[in-house]
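Every read-out reported here was derived from the displayed coordinates using simple, explicitly stated rules and does not represent laboratory data. Note that the coordinates shown come from a computational prediction; the quantities given were computed from them, not determined experimentally. Cβ coordinates were reconstructed from backbone atoms using ideal geometry, including for glycine residues, and neighbour counts include every protein chain displayed.
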Amino acid sequence: MNALLFELGHAALAGRIAARLGAERGALEHREFPDGEHYLRVGSECANRDALVVVDLAHPDRRLTATLLLAATLRDLGCRRITLIAPYLPYMRQDARFQPGEGVTSRYFAKLIDAHFDALLTVEPHLHRYATLAEVYAIPARALSAAPALAAWIATHVEDGFLIGPDAESAPAIAAVAKLTGLPYAVLEKVRRGDREVEVAVPELAALVGRTPVLIDDVISTGHTLAEATRKLRAQGARPPVVLATHGVFAPGAIELLLAEGIARLATCDTVPHPSNDCAVDGIIGEGFASL
Ligand code: R5P
């Protein structure tokens with residue numbers, strides 16, 4: 001492959017993706033001036049080469065400016081097709097105007113990406129009110145399922161699991177993991193009353209007896225969704241659950257909250273760099289890129 005691969009904040013995953021695709025690592029100097037503005041210098045010959053940019057956008061407002069400036073620089077230096085690989089795609093949860101006057105920020109964020117990149121590859125974006133990324137992004141955009149990585153982790157780490165999704169939004173992903181693992185599953189009902197106020201209703205789950213609950217969500221942010229589900233499950237006498245998420249975004253205090261409710265174990269995919277990363281997605285991304 002003749003493409004150059006650059007990264008911002010995702011060094012380990014980028015290295016593995018480059019190795020899988022046989023892409024050359026692009027030389028990039030990136031630092032901030034004392035006033036916080038970004039300095040970018042590309043040391044690789046770009047003319048007529050495709051570029052891949054792997055970025056951790058979990059805390060997007062810290063990294064978006066550098067991401068857009070890097071794409072603009074690569075274009076200016078002659079790169080042809082520039083693909084953004086954002087393993088975690090932010091802003092997808094504001095997918096409607098829930099209150100009068102709110103911004104539908106998923107759309108505005110997409111416009112910024114559309115303006116600078118030619119294609120987008122991501123893992124398990126929050127597609128709820130949007131059925132596909134094409135409803136939001138104008139560039140070719142591919143949403144990859146994390147189910148194979150999650151299923152492989154469960155197969156090697158959990159005995160007699162029972163998969164549980166905390167809300168209706170998690171149903172398709174849970175069903176996909178259940179299909180790959182052959183494990184039984186249930187989907188709970190959640191009502192969100194605020195950023196840190198969540199109610200989860202857990203029905204009597206007779207099928208849970210003698211099994212280990214495996215709570216799976218696409219994102220852990222404040223941790224309240226899965227902490228509340230854990231609390232309700234434990235109140236029913238369930239075993240301490242294993243908690244699995246594709247994207248561990250983790251607001252301050254999230255992990256402490258989950259531990260305080262008595263989870264048995266926590267693992268995340270490496271879509272967002274974090275010590276809990278234990279499910280590798282480079283294989284999924286490598287295959288996804290090949291079929292973009
Ligand atoms: C919500 O729609 C998502 O699927 C997650 O359930 C949610 O983002 C988790 O957020 P938190 O950890 O703050 O409860």
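Miscellaneous remarks
- Antiparallel DSSP beta bridges within the stretch 2-159, as percent of all bridges there, nearest 5: 20 percent
- Residue-averaged 222 nm ellipticity for the chain, from DSSP H runs of 4+ at -39500 (n - 2.57), nearest 500: -9500 deg cm²/dmol
- Order of THR67, THR156 - criterion: other Cβ atoms within 10 Å of each residue's Cβ, fewest first: THR156, THR67
- Three-way shape call for the stretch 121-206 based on the alpha-carbon gyration tensor, with the a/c threshold at 1.5: oblate
- Set of lysines near LYS232 by C-alpha distance (under 22 Å), chain-local residues within fewer than 8 positions excluded: LYS190
- Low-density loop positions, trypsin sites (Lys or Arg not before Pro), the stretch 58-117 - DSSP coil, at most 15 other Cβ in 10 Å: ARG80, ARG81, ARG97
- Cα centroid separation, the stretch 89-132 to the stretch 246-292 (Å): 21 Å
- DSSP assigns beta bridges within the chain; of those with both partners inside it, close to 20 percent run antiparallel.
- Taking CYS269, CYS279 and counting other C-beta atoms within 10 Å, the order from fewest to most: CYS279, CYS269
- When you filter the GluC sites (Glu not before Pro) in the stretch 153-229 for DSSP loop state and at most 16 other Cβ atoms inside 10 Å of their Cβ, you are left with GLU159, GLU204.
- ILE263, ILE255 arranged by Cβ crowding within 10 Å, fewest neighbours leading: ILE255, ILE263
- In order along the stretch 164-169, the phi-based Karplus estimate (6.51 cos²θ - 1.76 cosθ + 1.60, θ = phi - 60°) of 3J(HN,Hα) comes to 9, x, x, 7, 4, 5 Hz; Gly and Pro are listed as x.
- Most positive-pole-ward Cα, GLY194, CYS279, GLY248, against dipole of the stretch 150-292 from beta carbon charges: GLY194
- Gain on full stretching of the segment that runs from LYS179 to SER291 - 0.36 nm per residue minus C-alpha separation: 38.0 nm
- Proximity of backbone amide H atoms, modeled 1.01 Å from N, is registered between VAL198 and ARG193 at under 5 Å, excluding neighbours fewer than 5 places apart on the same chain.
- Relative contact order of the stretch 1-158, pairs being alpha-carbon contacts under 8 Å that are 6 or more residues apart, as %: 17 percent
- The chain: angle of helix 105-116 to the longest principal axis, Cα-based, in degrees nearest 10: 30 degrees
- Cα pair distances of the stretch 167-272 binned at 5 Å [whole percent]: 2, 13, 23, 28, 22, 10, 2, 0
- Percent of C-alpha pairs per 10 Å bin in the chain, short distances first: 6, 27, 33, 21, 10, 2, 0.
- Three-way shape label, the stretch 53-162, alpha-carbon gyration tensor, a/c 1.5: oblate
- Modelled spin-label separation between ASP76 and HIS59, with each label point placed 7 Å from Cα along the Cα-to-Cβ direction: 2.7 nm.
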